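Heads up: the structure comes next, in structure tokens.
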Amino acid sequence: MHPTLNSRLVLFAIMLATSLVWAQTPAKSAAASGPAKTEDFATAIKRIRDTWLQEFNAGHADKVAALYAPDAVLLRRNGTVHTRDSILAELQRSITAAEAQNYTMRSLHAESSGNLGYDTGIYDETVRHHVAEGNYLMVIKQVEGEWKIAAHSAVPNPRQKY
């Protein structure tokens, strides 16, 4: 066989094989073809904080718990709760018992590095007919491209009775 003809046959075989592979490969959606666009930290922390407040005050423990990572930790005045499912149960208990109402948060500082960030500030809540104040710390991380609460602590100011 002639070298040029041999080269052309090899090239033709490669093109044919490539077209057959492409024909059998399912088409990817536009969203799946490129890297996922993730929400920036500043937008994410504001959305999480605002959603947390809105849904907690509305009594939607399930929507608040959905903001947490599966392995999240919640530190409260009455103890520490581990995992999203346990956090959901604790939030349901708080909401059902009307233990905390009219929760507000004001961010004082938020910062991030890579896929981890935090927000810290002050909170107020009505607890058993009085207003309690304290400080909070919320750590968020990216879990499968989505920002979730990894750790959340609310520390009441000293000398407050519950």
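Derivation of every value follows stated rules applied to the coordinates shown; laboratory data play no part. Here the structure is a predicted model, which is why all the values come from computation and not from measurement. Positions of Cβ are generated from backbone atoms using ideal geometry, with glycine treated the same way; all protein chains shown enter the neighbour counts.
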>> Calculate the FRET efficiency for residue 124 and residue 38 from the Cβ-Cβ distance with a Förster distance of 35 Å, rounded to the nearest 0.05.
In response: 0.65
>> I need the GluC sites (Glu not before Pro) found in region 51-146, filtered to DSSP loop residues with at most 13 other beta carbons within 10 Å of theirs.
In response: 144
